[in-house]
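Below: one structure, written as structure tokens.
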Amino acid sequence: MEVGQRSLRVADLERTRVVFGEARTLPGEVYISDDVLRLEQRGIFAREWLCVGREADIPMAGDWFLKEIAGDSVIVLRGTDSMIRAFYNVCRHRGSRLLDEPQGRGLARVLCPYHSWSYQLDGGLQNAPRMGADFCKGDHSLIPVSIGFHEGFIFLNLDRGAQPLTQWLADLPGLARFRIPELKRGRRIEYDVRANWKLICENYSECYHCAGAHPQLARISEQISRDERGQEIGACFNGGPMRLRDGIETMSMSGRSTLPTIPGLSLDDCRYVHYYVIYPNMLLSPHPDYVLVHTAWPLAPDRTHVVCEWLFTEEAVGAQDFDPSDVVDFWDLTNRQDWALCERTQAGVSSRGYRPGPYQSSEDCVHIFDRWYADRLAGLL
Ligand code: FES
Ligand SMILES: [Fe+2]
């Protein structure tokens, strides 16, 4: 494939696809090329299961939000039967965009602003003015998008032939003990990062940079050796735990927690924070007293929209003096430090002077992510 002045061949990915000890990081083209991003949108973002939000985001019939995936706008909507469905945001008449706002509540029907065709919340065509006696409404329902649910999260897949979500997530470690479906969103911050989406996933996958870049994090959390707790790896994810230092209760500015622990967690779970990259773009981090979730959405080769949410127990959010700033400030600061690292890496991998480099021994999860990606991209070239 021609990529600007250069060409990207499957052979260029081979050095990433070999065993960890011999592997090199990805070639620069995958971080800077519009053509590669187009391939990723078509072959990854339009074909994989993607976490787009939570069931709790649209609790009532008629509640909805829009999500842009690989250039398509999708409506995620709770019906009068309480089922959540997803449809392309495209009218079946002449293709007008239907909804414009990013989210809304209590919609009674989806009305096309162009010629006033209207749709029920289950996607069926309700009314098409003056279309004539032989017009079949049943043939003109909104086009559905595959949807699945896991731990309260909503996943979409634009590929109608994709394996079911349950199959895709089959080897993801059980997270039921964190009670994620019951947790309430305490905070959401969105970031516009001037770096490729893969740099964000790679950066999340290692803490080699932590001592130098995150003094506030390194003070309270320690990287643990592979022997102590094995890395967790599966077809859809990789990840691993980090241990809180003695006397530290959670990841927060103070290292203390004023929030209730997620009920039922073992003492062991209260000593670790788990970090999972769920391919391609979900970063899931259960803590003893909250769950942190990032999703990273490519806007351009060198630009990514990151959505970060903090989920807390109902008891915490319901308290009159609920104040999550200790943990929100901690991760907001850490996020911003990370984005700055990703942006300086974007500048470097864009240079003619960039050469794929070696992984340090604690960067095995970066390599696992890169190899997953290189395998996918090789299949698309
Ligand atoms: S395009 Fe929607 S009603 Fe005509
Ligand atoms: Fe970091």
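Do the conditions hold for R42, that is, is it crowded, with 17+ Cβ neighbours inside 10 Å and under 25 Å from L158 (Cα atoms)? The answer is no for R42. Restricting attention to the stretch 136-164, the residues being touching a residue at least 40 places away in the same chain (Cβ under 8 Å) and either under 20 Å from N89 (Cα atoms) or outside any strand (DSSP E or B) (or both) number 17.
Consider the stretch 304-334. How many of its residues are closer than 23 Å to F237 by Cα and of a type outside the set (S, T, Y)? Walk me through it before giving the result.
Filtering the stretch 304-334 down to residues closer than 23 Å to F237 by Cα leaves 304-311, 331, 334.
This time we only want the ones that are of a type outside the set (S, T, Y), so: 305-311, 331.
Looking only at that region, the number is 8.
For the stretch 285-293, state whether one or more residues are part of a helix (DSSP H, G or I), assigned by TED's automatic domain parsing to the domain that holds Y373 and farther than 30 Å from I44 by Cβ. Walk me through how you get there before you give the answer.
Taking the stretch 285-293 as the starting set, the residues that turn out to be part of a helix (DSSP H, G or I) are none.
Scanning the stretch 285-293, I find no residue that is part of a helix (DSSP H, G or I), assigned by TED's automatic domain parsing to the domain that holds Y373 and farther than 30 Å from I44 by Cβ, so the answer is no.
Within the stretch 52-67, being of a type outside the set (A, V, I, L, M), farther than 12 Å from F149 by Cα and part of a strand (DSSP E or B) holds for W64, F65, K67. Filter the stretch 142-171 down to the residues that are over 20 Å from G123 (Cβ atoms) and either buried (at least 17 other Cβ atoms within 10 Å of the Cβ) or among the small types (G, A, S) (or both) and list them by number. If the condition is that a residue be over 20 Å from G123 (Cβ atoms) and either buried (at least 17 other Cβ atoms within 10 Å of the Cβ) or among the small types (G, A, S) (or both), then H150, E151, G152, F153, W168, L169, A170 are the ones that fit. Among the conditions (1) under 19 Å from the mean Cα position of the chain (by Cα); (2) in a helix (DSSP H, G or I), A296 misses just one, which is (2).
A quick yes/no check of all residues on (1) touching a His at 6+ places or on another chain (Cβ under 6 Å); (2) closer than 17 Å to T25 by Cα; (3) without any contact (Cβ under 8 Å) to a residue 12 or more places away in the chain:
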site	(1), (2), (3)
L267	no, no, yes
H274	no, no, no
C308	yes, no, no
Q320	no, no, yes
F330	no, no, no
R352	no, yes, yes
D364	no, yes, no
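Evaluated against (1) under 24 Å from L66 (Cβ atoms); (2) within 16 Å of ligand 2 (Cβ to nearest atom), H209 falls short on exactly one condition, (1).
The values are calculated or read from the model by the stated rules, or taken from the named source; none is laboratory data. Everything numeric in this text was worked out from a predicted model, so none of it was measured. Quick reminder, even Gly has a Cβ in these numbers, built from the backbone with ideal geometry, and neighbours come from all protein chains shown.
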